[in-house]
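The values are calculated or read from the model by the stated rules, or taken from the named source; none is laboratory data. Since we're looking at a predicted model, the values are computed, not measured. Cβ placement follows ideal geometry from the backbone for every residue including glycine, while neighbour counts extend to all protein chains displayed.
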Amino acid sequence: MSAQDASKHRSATWPEDIAQRYRALGYWTGDTLHAHLERAAARHPQRTALVCGTRRWTHAGLQAHILAAAAGLHAAGIGAGDRVIVQLPNIAEFVVATFGLFRIGAVPLFAQVAHRRSEITQFIEQGDVSAWITVDRHAGFDHRALVREVRALRPTLRSVLIVGDAAEFASFDALCAPGAAVVVDASDSGAAACDIALLQLSGGSTGIPKLIPRTHDDYLYSIRESARICAIDEQTVFLCALPASHNFTMSSPGIFGVLGAGGCVVMTRAADPATCFALIEREGVDTVALVPALAQAWLDSSKRRDHDLRSLRLVQIGGAHLAPSIAARVEPELGGTLQQVFGMAEGLVNYTRLDDPPERRIGAQGRPISPGDEIRIVDDEDCEVPEGQVGHLLARGPYTIRGYYRSTHIDFDAWGRDPDTGAFTTDGFYRTGDRVRRTSDGDLVVVGRAKDQINRGGEKIAAEEVEAHLLAHPDIVEAALVAVPDHALGEKPCAFIVGRDTLPTVRALQVFLRGRGIADYKIPDRCIAIGSLPRTPIGKIDKPALRRLLVAHTAPTETALP
């Protein structure tokens, strides 16, 4: 990497006075994610690191695959500072590709396997993406067809690597197989701890998710502290049942935390009870991370009586509100200690602690991981609310970003306040969009959201994005997306639609939205025709009124689309 390239790659840093303070406090150690994993492999070379189907790799074996992938990715023209979409399901190649990119200083941008043309093209534009790693097929969907579609729209995409049957594209399997290429020089990884390590997706309330830049320093601090709080060590066996690309699954403490401690990660594409219970019994899984909808499915499954789940030590649940009635069932019915996890990809993570009394683990969402976390709970005017009262949660600290990645910037100069979203205060606090209260014990209790966002089983849906797609339909004049309470998923999206002379059926509308290239989980489960949308005194769509109509079923002009 040239000096000019290195300068560009390292142009994004935290404000230097703040960075110095976090280093002086020992939060940031100057380490990198790939170096952290390499040291774990050196300590525990023969321990099992990764189980994926019939594949079982030791830590030494995993490192061989990662180093070969680094060489193969470099040979494919990917270098330090390049942004690369990683869109892979829960397979071993997710870990190999991610750490291979870290190893050469490239920056993975983690897309969900459910994302389609609309999201991927936006990510390419926002992140100035040069390469894309994805899978041939997943859940019946041909991702190679998606690549062809996107490439026609974004010809600047230089490289595409496919796991599995690559068709006319480059084969990740062939390019990155151990022994297929000369391993890159281990003395030059192309990355420093202050560099952006990865880009994640916000669960934001407006349009396409924004890109969240995380440095090696801040992300690794969160991972290390999470592993300590959760008592993760080389004996840990973690079942990766949630999507690997989610921040919760990767770092709380997740895949990265377990591998960095010398433990074992068991990957599964299927999160259903029968599959997961069999893996828990076979592999001696002791740690799992679930969203509430999945936890409830596991609790309600008769299959748990058919399998030995006594190895479970820790059951983490996060990503959405966990009803106390469900929380109370976890320990007696699944075994292991319940740990509630409340956090966000932008940074702040809260855990109930393993030695908290049961009532705290059941009734609260925990407290921050770091003494350096600064929490403010404020009213609509940004004034602090009295202790114990509900307000908007603001956060600042050694692993909470101070700005989104700015798509208008070609380099990584991305850390200032974002004036377009108002997501950050002028003094660097992140507005989480959550409404919380703090207990006398210091725990946060989440009571709702202030952002216009729907949480469908842990998948965040920005209402504005889906509304824009609905309004593209020639027969729709106005549209508003709101959340419908759902017993299994927590919330589902419902669209209120003001139409012209005729309206499409629900099925026709779903086909239309799929044709627009959005992920299936964003498509409304229910659509309602309404004569006009209620408005607030200043003319905005009154979504609380729409939600009340749904609950009360009293909308006089409401008609469910056929």
Original post:
Is there a residue in the stretch 398-418 that is modelled with pLDDT of 85 or more and either hydrophobic (A, V, I, L, M, F, W, C) or assigned to a strand (DSSP E or B) (or both)?
Top reply: yes
Original post:
In the stretch 361-392, what residues are charged (D, E, K, R) and either closer than 29 Å to residue 25 by Cβ or in contact with a Ser or Thr (Cβ under 9 Å, 6 or more places away or on another chain) (or both)?
Top reply: 361, 367, 373, 374, 376, 382, 384, 387
Original post:
Would the stretch 48-63 turn up any residue that is within 19 Å of the chain's Cα centre (by Cα), among the aromatic types (Phe, Trp, Tyr) and not in a loop (DSSP other than H, G, I, E, B)?
Top reply: no
**OP:** Kindly indicate whether any position in the stretch 30-41 is outside any helix (DSSP H, G or I) and more than 27 Å from the chain's Cα centre (by Cα).
**Re:** no
Original post:
Can you pull out the residues in the stretch 328-355 that are buried (at least 23 other Cβ atoms within 10 Å of the Cβ) and more than 23 Å from residue 448 (Cβ to Cβ)?
Top reply: none
Original post:
So, of the residues in the stretch 100-147 that are of a type in the set (Val, Ile, Thr) and in contact with a His (Cβ under 8 Å, 6 or more places away or on another chain), which turns out to be surrounded by the most Cβ atoms within 10 Å (Cβ to Cβ)?
Top reply: 134
Original post:
Within the stretch 518-526, is there a residue that is farther than 23 Å from residue 113 by Cα and outside any helix (DSSP H, G or I)?
Top reply: yes
Subject >> Residue match in the stretch 470-492 (condition: buried (at least 18 other Cβ atoms within 10 Å of the Cβ), assigned to a loop (DSSP other than H, G, I, E, B), outside the structural domain of residue 122 (by TED's automatic domain parsing) and touching a Phe, Trp or Tyr at 6+ places or on another chain (Cβ under 9 Å)) >> reply: yes
**OP:** Scan the stretch 284-303 for residues that are crowded, with 19+ Cβ neighbours inside 10 Å and either without any contact (Cβ under 8 Å) to a residue 60 or more places away in the chain or among the charged types (D, E, K, R) (or both) and jot them down.
**Re:** 285, 286, 287, 288, 289, 290, 295, 298
Subject >> Members of the stretch 66-92 found to be of a type outside the set (A, V, I, L, M), surrounded by 24 or more Cβ atoms within 10 Å (Cβ to Cβ) and part of a helix (DSSP H, G or I), listed by number >> reply: 72
Subject >> Scope the stretch 420-449; condition part of a strand (DSSP E or B) and on the phi > 0 side of the Ramachandran plot; matching residues >> reply: 433, 448
Original post:
Considering 103, 148, which residue is touching a helix residue (DSSP H, G or I) at 6+ places or on another chain (Cβ under 7 Å), basic (Lys, Arg) and either outside any loop (DSSP other than H, G, I, E, B) or touching a residue at least 12 places away in the same chain (Cβ under 8 Å) (or both)?
Top reply: 103
